Every structure is written in C-alpha cells, then in structure tokens.
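A.B. asks: Sending over a structure as structure tokens; questions will come in a sec.
The values are calculated or read from the model by the stated rules, or taken from the named source; none is laboratory data. This structure is a prediction, so every number in the text was calculated from the model and none was measured. FYI the Cβ positions are ideal-geometry reconstructions off the backbone, even for glycines, and counts take in every protein chain you see. Heavy atoms of the whole protein, side chains included, go into the accessibility calculation; ligands, DNA and RNA do not. Shrake-Rupley method; radii C 1.70, N 1.55, O 1.52, S 1.80 Å.
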Amino acid sequence: MKYISTRSKIKPVSSAEAILQGLAADGGLFVPEKIPTVSLEEIDALKDKTYEERAAWLLGKYLTDYTADELGECSELAYNWFDVPARVPVMVLIQDPKNPTAPVGAMELWHGPTSAFKDVALQMLPHLMRLALKKVGETKQILILVATSGDTGKAALAGFADVPQTKVMVFYPDGGVSKIQRLQMVTQRGDNVNVTAVRGNFDDAQSGVKKIFGDKKLRAELDKLGVKLSSANSINWGRLVPQIAYYFSGYVELIKANQIKLGDRILICVPTGNFGNILAAYYALKMGLPVKGMICASNVNNVLTEFFVTGTYNRNREFFKTITPSMDILISSNLERLLYHETNGNFKQVKHYMDELAAKGQYTIDDKLKARLQRLFHAEYVTEDETRLFVKRVYDSFKYLTDTHTAVAMTALSKYRGRSKDFTPVLTASTASPYKFTSAVLTALGQSIDGVDDLAQLEKLNVLTSVRVPRNLAELSHAKILHEDVCDKDEMAERVLQFASK
Ligand SMILES: *Cc1c(COP(=O)(O)O)cnc(C)c1O
C-alpha cells in the first residue's frame, strides 16, 4: 500500500517513507491510497489473540512494506511492558438500570510507561522508524527533537530510549511544568536521550525547536556528523496507525465480556484534542468494524463542537486553560485527513480549506460535506464544573476513578444519550491514569490540595481511594536525577550540536 498527500497530487510513497518524512513535501498529511477492509470473521479471530498479536495484525493491513515478523517484533517491544496482561483492558462500567443493554466500556489506554494514551503510539513509532531507516537505505542517525509542555516529552523519551540509530532530545520550559512532569523527564535513563530546560515559557521552547528545524546551516553541520533531524508529533502516520488497533481490540473485548455479539454496532466516544485518537476510530469504521458513529467530546475549547454543528471551523476565539490540558487545542491537525477522505480525495478542496485556516483562522465546509460528517460524528462539549462533578459521581457510585479527560468523554456521552435517546453500547477511550492529573482529581473529590506538593498528592489520592499508583509515578520520589542542564533560548542550537556529536 502506498501513501499520498491530502493537499496535492504527489508521487505515492511507501509507508516507511511516509513515517520518516512525517509531513508530505506540499505541507499535507500522508493518507493511505485506499483504506483496507476486513471481514467479521477476521474480527472474530482476534478474540483468541493477545494485544500484541492484534496490533501486529492491524499494522499489517497498512504497513505492507514491513514483514509480519517485523511487525510482530515491534509490537512485542512496544507493549510487553505495559503493566497489565491485557495491555489495553476494557472495564464495563455503567449499566443504566433502565437500559441494561446499554453498556459503556472504558478502554484504558494508559497502562504504558508514562500512564497516558500517547504511549500506545509512541512506544511503537521508534521501532517503526528504526526499521524504516533500513528499508529506505538511510545510514544516518535520526535525532528526534521535541518541545514539550509536559506529557509528550516524557512519552517520546520513554519510547525512543535505547532504540538503535535514534537519539531523542527534549526541551521543556524551566519552571513551566509540574514537579511530577519534570521528575518524569529528568530521571529518564538511556544512552541516546537528552533533556534540557530552557529559560522561558513553552512558546520559547517551541519556537526555538522550530527555528532549529529551519536552520539550514545547522542542518548541514548535523549532516556532516551523520545526523538527520526528525519529529515524532501526532500527525505522523506511524503514530496514527497503532491507534486503530485498539478499537478492534476493544470491540472484541466487549464481545468477550458478553456485552455485545459479533456484528452488533457500537458507538465510540473519545475525548478529543488534535483529532488523532478519534480519527483512528473513523479508520476502524471505514475498515469494517461495526461502528454506528463517533462522539467527539471537547472541553470549553469547543472549536470542534462548533465545527460539527455549524460547518464552520473558527480558531479565532478565546483560549482557555483547563483541567484537561491535553485537550486545550484550537487547531486539530488530524481533521485534515477526515476532510480528505470524506470529500472522496478532493485535495483541491482540502487545500482551499487549509489555506483559509492559515490566512483567516477559519473556513466553512459546504453543506454536502457537513451532512456527511454529521451522520458520522456527534459533537458535545463539557464545562469544568461538569467534569469535576462527573469524576466525583462515578467514584461515589462505582468506586471507579477516572481522570478528567475521560470524565469529559463520559459526560459528553450522557449529554448525547439524553438528547438522542440512543442507547447503543459504547466504547469510550479512557486516555490517562487518574494519577496523571492528581490535583484536579483530588479537587473534584472535594479534597483540599493547599500546601500539598505533587508527590504528596499521589499518596493522598492513594490513601483516599486505595487505587494503585502506577509504578512509574510511585518510583519517582527516589529515582536518580540524570539531566540538570538549563540553557537560554539562543543556546538551544548549540546544545543540539553538542548532543549530536556525542
Ligand atoms: C493527547 C490526549 C488527548 C487528545 O487526543 P488527540 O489524539 O490529540 O485528540 C486526550 N486525553 C489525553 C490524556 C491526552 O494525552
């Protein structure tokens, strides 16, 4: 299978090339030429497979230039250290007494090394990249540069640590991340990792990294050292494709838990930011997973809710910092792929919308496209108070602790069910461990966090609920600090050169 761009007619590339390039040369995103389909029998056969086998099977549908053995190995390396045997377990949660046939499965995507769903993709991507280098005959080392406001940095470090032919370097704003986020990063082990604090805020770190990518002289010097820069951000096809796998896995888990029968249609509900996770659900639907539609849940940064309701995407609006920071996004980059597929590959139209977005901060899709999207997606947004209330209500009723992002999804689901009276069984993406956002969860449960520092909060939540603290977070208080470097914004390029020549 080959990959083409969402914005113009380019020469199709292999999946290895798409993964190494990240973005197409015309600024578009890579999409598969044709979405592969699967039969119900194939889905049924997944029941007896491990998560690693299910993931390798799904990857094989798209990454046809990789062998089954290679994909099996990547999958083992990525997932065999997730901290539960199921890797991505599904908890059957809310049995509405009035609707016993309307179960809600919470698909826990956060049992990886950093306790958030980004691990599912970022544990896989480095291995796909390493093999891609071989396939295209690239002998240089890849240096992944990341600017982070907290979570992505650690997930990238954990994914790339000790992966041959790669290096990973993370810049974070000095004093601009939580104590736990900082500890997670500065204690990262591995011979090929570097973590540097930048004096300034996240924008300084981010613009510094962007400048380095655009610095031709620096790139030439790196080239002499045998090093090529790359990024691991969420528009890379290699990050999207591992996410499609868990929707198939979640579906068969619902069958195994006797909540649905093979062929029954489900709804999928996703707390959405950059539109990567929910787009993976869309691909699953297009491949033949029995999915009736997707619920796109947003917080008060509700640009997507407005888009699906009105057809206008408008980023010109106030930006709110919320207790669901991973959803505080005004440009959902992966939406471009959806527009491409739902216009039947009309890249001129997609490019027009994206040019409008860049020039004016908004675009409006035509009525035909809007109608198509509205048949597939139900959009709802949720306020801060509603989110906190939900965390408390679910804990009080079921002793099930959810993080705030997952709470946004489940609240959006209640709103959707209230409005539509549609009680189709639901698979909800649970995207972070409650311990990843401890202060918001404690506050939601009515606890005071005045004067209680990050690490003490973990303990407080554990004492209160008896829910286990993920090992990677529990170990932080005595992990060795390995990265103490701090630099100015204009010293970042120099730090990259130093690390590249090590
Ligand atoms: C990244 C993230 C999201 C949003 O996912 P997208 O793929 O960007 O839509 C939701 N919840 C958590 C906890 C995340 O880390």
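A.B. asks: Out of everything in region 308-319 that is open to solvent by less than 80 Å² (accessible area, probe 1.4 Å) and in a loop (DSSP other than H, G, I, E, B), what residue ends up being farthest from H405 (Cα to Cα)? Don't jump to the end; show me each part of the working.
C.D. replies: Step one: filter region 308-319 for residues open to solvent by less than 80 Å² (accessible area, probe 1.4 Å), giving 308, 310-314, 317.
With in a loop (DSSP other than H, G, I, E, B) added as a condition, the list becomes 311, 317.
On the way: G311: 25, R317: 22 Å.
It comes out as G311.
A.B. asks: Given the conditions (1) under 23 Å from D403 (Cβ atoms); (2) within 16 Å of the ligand (Cβ to nearest atom); (3) surrounded by fewer than 21 Cβ atoms within 10 Å (Cβ to Cβ), report the number of the one that S231 does not fulfil.
C.D. replies: Tallying (1) under 23 Å from D403 (Cβ atoms); (2) within 16 Å of the ligand (Cβ to nearest atom); (3) surrounded by fewer than 21 Cβ atoms within 10 Å (Cβ to Cβ), S231 fails exactly one: (1).
A.B. asks: Looking only at region 375-387, decide whether some residue is open to solvent by less than 70 Å² (accessible area, probe 1.4 Å) and free of Cβ contacts under 8 Å to residues at least 40 places away in the same chain.
C.D. replies: Looking for residues that are open to solvent by less than 70 Å² (accessible area, probe 1.4 Å) and free of Cβ contacts under 8 Å to residues at least 40 places away in the same chain, one finds at least one in region 375-387, hence yes.
A.B. asks: Looking only at region 192-224, filter to residues that are at pLDDT 95 or above and part of a loop (DSSP other than H, G, I, E, B); which one of those is nearest to S433 (Cα to Cα)?
C.D. replies: Filtering region 192-224 for residues that are at pLDDT 95 or above and part of a loop (DSSP other than H, G, I, E, B), the one nearest to S433 (Cα to Cα) comes out as N192.
A.B. asks: So, in region 327-364, of the ones that are of a type in the set (V, I, T) and open to solvent by 10 Å² or more (accessible area, probe 1.4 Å), which residue ends up farthest from I278 (Cα to Cα)? I'd like the intermediate steps shown before the answer.
C.D. replies: First, the residues of region 327-364 that are of a type in the set (V, I, T): 329, 331, 343, 350, 364.
Imposing the further condition that a residue be open to solvent by 10 Å² or more (accessible area, probe 1.4 Å) reduces the set to 329, 331, 343, 364.
Values: I329: 15, I331: 15, T343: 18, T364: 21 Å.
Filtering first and then ranking leaves T364.
A.B. asks: Okay, next question. When you look at L279, is it within 26 Å of F248 (Cα to Cα) and either away from the ligand (no atom under 11 Å from the Cβ) or surrounded by fewer than 19 Cβ atoms within 10 Å (Cβ to Cβ) (or both), yes or no?
C.D. replies: On the way: within 26 Å of F248 (Cα to Cα): yes; either away from the ligand (no atom under 11 Å from the Cβ) or surrounded by fewer than 19 Cβ atoms within 10 Å (Cβ to Cβ) (or both): no.
So L279 fails the test.
A.B. asks: Follow-up question, since we're still on this one. Would you pick out the residues in region 24-75 that are more than 19 Å from V136 (Cβ to Cβ), open to solvent by 10 Å² or more (accessible area, probe 1.4 Å) and assigned to a loop (DSSP other than H, G, I, E, B)?
C.D. replies: Result: D26, G27, K34, I35, P36, T37, V38, S39, K49, T50.
A.B. asks: Now for a different question. What's the total number of residues in region 394-450 that are within 16 Å of the ligand (Cβ to nearest atom), surrounded by fewer than 24 Cβ atoms within 10 Å (Cβ to Cβ) and in a loop (DSSP other than H, G, I, E, B)?
C.D. replies: The number of residues fulfilling the criteria is 1.
A.B. asks: Moving to a separate point now. Would you tally the residues in region 377-391 being farther than 16 Å from R419 by Cα and not in a loop (DSSP other than H, G, I, E, B)?
C.D. replies: 8
A.B. asks: OK, next. Of all residues in region 250-275, which are within 16 Å of the ligand (Cβ to nearest atom) and buried (at least 23 other Cβ atoms within 10 Å of the Cβ)?
C.D. replies: Listed by number, the residues that qualify are G250, I268, C269, V270, P271, T272, G273, F275.
A.B. asks: Whether any residue in region 485-499 is more than 24 Å from the chain's Cα centre (by Cα), among the β-branched types (V, I, T) and open to solvent by 60 Å² or more (accessible area, probe 1.4 Å) is what I want to check.
C.D. replies: No.
A.B. asks: Exactly one condition in (1) open to solvent by 30 Å² or more (accessible area, probe 1.4 Å); (2) more than 25 Å from L240 (Cα to Cα); (3) touching a strand residue (DSSP E or B) at 6+ places or on another chain (Cβ under 8 Å) is false for A197; which is it?
C.D. replies: With (1) open to solvent by 30 Å² or more (accessible area, probe 1.4 Å); (2) more than 25 Å from L240 (Cα to Cα); (3) touching a strand residue (DSSP E or B) at 6+ places or on another chain (Cβ under 8 Å) applied to A197, the lone miss is (1).
A.B. asks: I need the full set of residues from region 1-23 which are more than 20 Å from the chain's Cα centre (by Cα) and more than 20 Å from E70 (Cβ to Cβ), in order please.
C.D. replies: Correct list: I4, S5, T6, R7, S8, K9, I10, K11, P12.
A.B. asks: List the residue pairs whose Cβ atoms are under 9 Å apart, where the first residue sits in region 219-241 and is free of Cβ contacts under 8 Å to residues at least 24 places away in the same chain, the second is surrounded by 18 or more Cβ atoms within 10 Å (Cβ to Cβ), and the two are 6 or more positions apart or on different chains.
C.D. replies: Close Cβ pairs satisfying both conditions: R219/I212; R219/L229.
A.B. asks: For region 289-307, which residues satisfy the criterion of being open to solvent by 10 Å² or more (accessible area, probe 1.4 Å) and either outside any strand (DSSP E or B) or within 13 Å of the ligand (Cβ to nearest atom) (or both)?
C.D. replies: P290, V300, N302, T305, E306
A.B. asks: When region 312-344 is examined, which residues are found to be more than 15 Å from the ligand (Cβ to nearest atom) and either hydrophobic (A, V, I, L, M, F, W, C) or touching a residue at least 60 places away in the same chain (Cβ under 8 Å) (or both)?
C.D. replies: The answer is F319, F320, L339, Y340, H341.
A.B. asks: For K286, all conditions in the list (1) open to solvent by less than 10 Å² (accessible area, probe 1.4 Å); (2) out of contact with any strand residue (DSSP E or B) (no Cβ under 6 Å at 6 or more places or on another chain) hold save one; what is the number of the exception?
C.D. replies: It is condition (1) that K286 fails.
A.B. asks: Pairs under 6 Å by beta carbon, first residue among the acidic types (D, E) in region 467-490, partner part of a loop (DSSP other than H, G, I, E, B), six or more apart or different chains?
C.D. replies: D488/R199
A.B. asks: With the requirement that a residue be within 12 Å of the ligand (Cβ to nearest atom) and under 25 Å from E73 (Cβ atoms), what does region 116-151 give you?
C.D. replies: Correct list: A116, F117, K118, D119, V120, A121, L122.
A.B. asks: From (1) at pLDDT 95 or above; (2) not in a loop (DSSP other than H, G, I, E, B), pick out the condition that doesn't hold for L229.
C.D. replies: The one condition L229 does not meet is (1).
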